[in-house]
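Accompanying notes for the structure given below.
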Amino acid sequence: MNRNEGRFGVPGMPEETLELDEGTAAPAVAATASPTQAESPFSWSTPTEFVELPSGGMFYGEGHPLHGKSSVEIRYMTAKDEDILTSQALIKQGIAIDRLLQNVIVDPKVKVEQLLIGDKNALIIAARITGYGADYETRATCPSCGNLEKHTFDLEQQDKEYDNAPALAEYGARFTEANTFILTLPTSAAEVEVKLLTGADELEISKETERKRRRNLGEALLTDQMRKYIVSVNGNNSPIVIAQYIHAMPARDSRVLRKFYDAVNPTISLEQFFACGQCAYTGDMEVPLTADFFWPK
C-alpha cells in the first residue's frame, strides 16, 4: 500500500496560478527563483509504502513502537542505499542488509534489532521489491535430480496469514502475558518457555557461529538457536540450567520443540511452484535467497 500520488514533480514545468484570500490570482514562483532548483534538474519526494507485518504487532510489549501495529512504513530504495549494499566493510561484518533496512524504515523509533525475525524478513523482501522489482532471477536446485538452473520467482507471491491457535491446541501449549509460549515436552516432561527471536538474537547467533568456525569448533546452529529462544525450563531461567537441559534434551523433545517454534513463529511463506527443466519434477519449493537477491546481475 503506498501514498505516492502526486509526489513526483519536475521543476520548470508550468504551474497553476495560486488563489489568494482576496480572490485575486498570483503567478506561481518561477523555477529559476531557487538556487537549489537551478542546480538540480529534478525534485521529488521519495515514495513510501506500508508493509504488512506477519505478527500484526501482537508480540511487541507496551511502549514498543510496533505494539499493536499491523504495518510499517518504508521508503523506496535509492541509489544511495545501494552504496550500503556494496560496502565491503559492512558486508564483512554481516550488517549490510540490516543497515539498509534501518535506512529505509521511516519511523526512527523502529529499530531493526528489535524486530521479530519474521517481520524483519517481510520488510527485507518489500525493500528489495522497491529497489529491483518483484521478479527475482536466481539459480535453483531441483530437489529431485539436483540440477541447478536459472528460475524466476515472483516476490509478490507471499503468504502472511498468521494464526497460532491450531499450534497451541495441537501441542497443549499456552500463550503468556509476557508474549512467550509454554509447552510440556513429551519425553522429559519438562515445561519449557520460549520467546520469538529478534534481529538482535539473529545477529548474536550469526556471530557465535562465525566464532566457532574460526576456532574449528564445529557448528551447533540448532542448540545455539535454542539457547536464544528458550526463556526458562521448569520455571528456572538460569542460562546455565537452560544450557544443561539443551545438551541433555532427548532428540524427540528437540524435534517437537523445533516444530512448535516454527508453527507459532509469525513469518512469511515464499513457497512457489517449480518445474525442473532436466527431469519431470514439479512441485512447490522454498524460494532460495542467494546473493542475487540484493545483488542482482
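The values are calculated or read from the model by the stated rules, or taken from the named source; none is laboratory data. Keep in mind that what you see is a predicted model, and the values were worked out from it rather than measured. Cβ: placed from backbone, ideal geometry, glycine included. Neighbour counts: every protein chain shown.
Restricting to region 60-76, name every residue that is assigned to a loop (DSSP other than H, G, I, E, B) and either touching a Lys or Arg at 6+ places or on another chain (Cβ under 8 Å) or under 16 Å from G118 (Cα atoms) (or both).
Restricting attention to region 60-76, the residues satisfying the condition of being assigned to a loop (DSSP other than H, G, I, E, B) are 60-70, 76.
Answer for region 60-76, where residues must be assigned to a loop (DSSP other than H, G, I, E, B) and either touching a Lys or Arg at 6+ places or on another chain (Cβ under 8 Å) or under 16 Å from G118 (Cα atoms) (or both): Y60, P65, L66, H67, G68, K69, S70.
Considering only region 48-59, how many residues are in contact with a helix residue (DSSP H, G or I) (Cβ under 8 Å, 6 or more places away or on another chain), assigned to a loop (DSSP other than H, G, I, E, B) and within 20 Å of P108 (Cβ to Cβ)? Reasoning before the result, please.
First, the residues of region 48-59 that are in contact with a helix residue (DSSP H, G or I) (Cβ under 8 Å, 6 or more places away or on another chain): 49, 51-55.
Those left that are additionally assigned to a loop (DSSP other than H, G, I, E, B): 53-55.
When the remaining residues are screened for being within 20 Å of P108 (Cβ to Cβ), the result is 53.
So the count comes out to 1.
Identify the residue in region 106-141 that is aliphatic (A, V, I, L, M) and part of a loop (DSSP other than H, G, I, E, B) and, among all such residues, is surrounded by the most Cβ atoms within 10 Å (Cβ to Cβ).
Initially, region 106-141 is screened for residues aliphatic (A, V, I, L, M), giving 106, 110, 112, 115-117, 122-127, 129, 134, 140.
This time we only want the ones that are part of a loop (DSSP other than H, G, I, E, B), so: 106, 110, 115, 134.
Working: V106: 13, V110: 20, L115: 27, A134: 14.
So, considering only residues that are aliphatic (A, V, I, L, M) and part of a loop (DSSP other than H, G, I, E, B), the one surrounded by the most Cβ atoms within 10 Å (Cβ to Cβ) is L115.
Could you check how many residues of region 257-279 are free of Cβ contacts under 8 Å to residues at least 24 places away in the same chain and in contact with a Ser or Thr (Cβ under 9 Å, 6 or more places away or on another chain)? Steps first, please.
Kept after step one, since they are free of Cβ contacts under 8 Å to residues at least 24 places away in the same chain, are these residues of region 257-279: 259, 262, 273, 275.
With in contact with a Ser or Thr (Cβ under 9 Å, 6 or more places away or on another chain) added as a condition, the list becomes 273, 275.
Residues flagged as free of Cβ contacts under 8 Å to residues at least 24 places away in the same chain and in contact with a Ser or Thr (Cβ under 9 Å, 6 or more places away or on another chain) within region 257-279 amount to 2.
Identify, please: which residue in region 77-102 is more than 13 Å from the chain's Cα centre (by Cα) and buried (at least 17 other Cβ atoms within 10 Å of the Cβ) and is, among those, farthest from L203 (Cα to Cα)? Spell out how you get there, then give the answer.
The first filter runs over region 77-102 and keeps only residues more than 13 Å from the chain's Cα centre (by Cα), leaving 77-96.
Now drop any that are not buried (at least 17 other Cβ atoms within 10 Å of the Cβ), which leaves 77, 81, 84, 90, 95-96.
Working: M77: 23, D81: 21, I84: 18, L90: 13, I95: 8, A96: 12 Å.
Applying the filter and picking the extreme gives M77.
Output the strands (runs of 3 or more DSSP E) that fall wholly within region 217-297 and possess 1 or more residues being in the same structural domain as I205 (by TED's automatic domain parsing) and of a type in the set (A, V, I, L, M, F, W, C), or say none.
230-233
Out of Y229, Y245, which single residue is touching a residue at least 24 places away in the same chain (Cβ under 8 Å) and touching a helix residue (DSSP H, G or I) at 6+ places or on another chain (Cβ under 7 Å)?
Details: Y245 fails: touching a helix residue (DSSP H, G or I) at 6+ places or on another chain (Cβ under 7 Å).
It is Y229.
When only residues in region 211-231 that are in contact with an Asp or Glu (Cβ under 8 Å, 6 or more places away or on another chain) and more than 15 Å from I246 (Cβ to Cβ) count, which is surrounded by the most Cβ atoms within 10 Å (Cβ to Cβ)? I'd like the intermediate steps shown before the answer.
Just the residues of region 211-231 that are in contact with an Asp or Glu (Cβ under 8 Å, 6 or more places away or on another chain), to begin with: 212-213, 224, 228-231.
Still in the running and more than 15 Å from I246 (Cβ to Cβ): 212-213.
Working: K212: 15, R213: 11.
Here the residue is K212.
Pairs needed: first member in region 142-162, closer than 21 Å to S71 by Cα and surrounded by fewer than 16 Cβ atoms within 10 Å (Cβ to Cβ); second member anywhere, modelled with pLDDT under 90 and of a type in the set (A, V, I, L, M, F, W, C); C-beta distance under 8 Å; at least 6 residues apart or different chains.
Once the first residue is closer than 21 Å to S71 by Cα and surrounded by fewer than 16 Cβ atoms within 10 Å (Cβ to Cβ) and sits in region 142-162, its partners that are modelled with pLDDT under 90 and of a type in the set (A, V, I, L, M, F, W, C) give Q157/L270; D159/I268.
Test each condition in (1) surrounded by fewer than 16 Cβ atoms within 10 Å (Cβ to Cβ); (2) within 15 Å of L185 (Cβ to Cβ) for Y261 and report the one that comes out false.
For Y261, the exception is condition (1).
Of (1) within 30 Å of G235 (Cβ to Cβ); (2) in a strand (DSSP E or B); (3) among the hydroxyl-bearing types (S, T, Y), T187 satisfies all except one. Which?
(2)
Looking only at region 167-182, decide whether some residue is farther than 23 Å from I95 by Cβ, outside any helix (DSSP H, G or I) and charged (D, E, K, R). So that I can check it myself, show each step before the final result.
Initially, region 167-182 is screened for residues farther than 23 Å from I95 by Cβ, giving 167-182.
With the extra rule that they be outside any helix (DSSP H, G or I), the set shrinks to 172-182.
Now restrict to residues that are charged (D, E, K, R): 174, 177.
Yes, region 167-182 contains at least one residue that is farther than 23 Å from I95 by Cβ, outside any helix (DSSP H, G or I) and charged (D, E, K, R).
In the set T176, T141, T198, which member is in contact with a Lys or Arg (Cβ under 9 Å, 6 or more places away or on another chain) and among the polar types (S, T, N, Q)? Steps first, please.
Values: T176 fails: in contact with a Lys or Arg (Cβ under 9 Å, 6 or more places away or on another chain); T141 fails: in contact with a Lys or Arg (Cβ under 9 Å, 6 or more places away or on another chain).
Residue meeting the stated conditions: T198.
Just to be sure I understand, how many residues within region 232-256 are surrounded by fewer than 16 Cβ atoms within 10 Å (Cβ to Cβ), within 29 Å of G94 (Cβ to Cβ) and among the aliphatic types (A, V, I, L, M)?
Residues that pass the stated criteria total 2.
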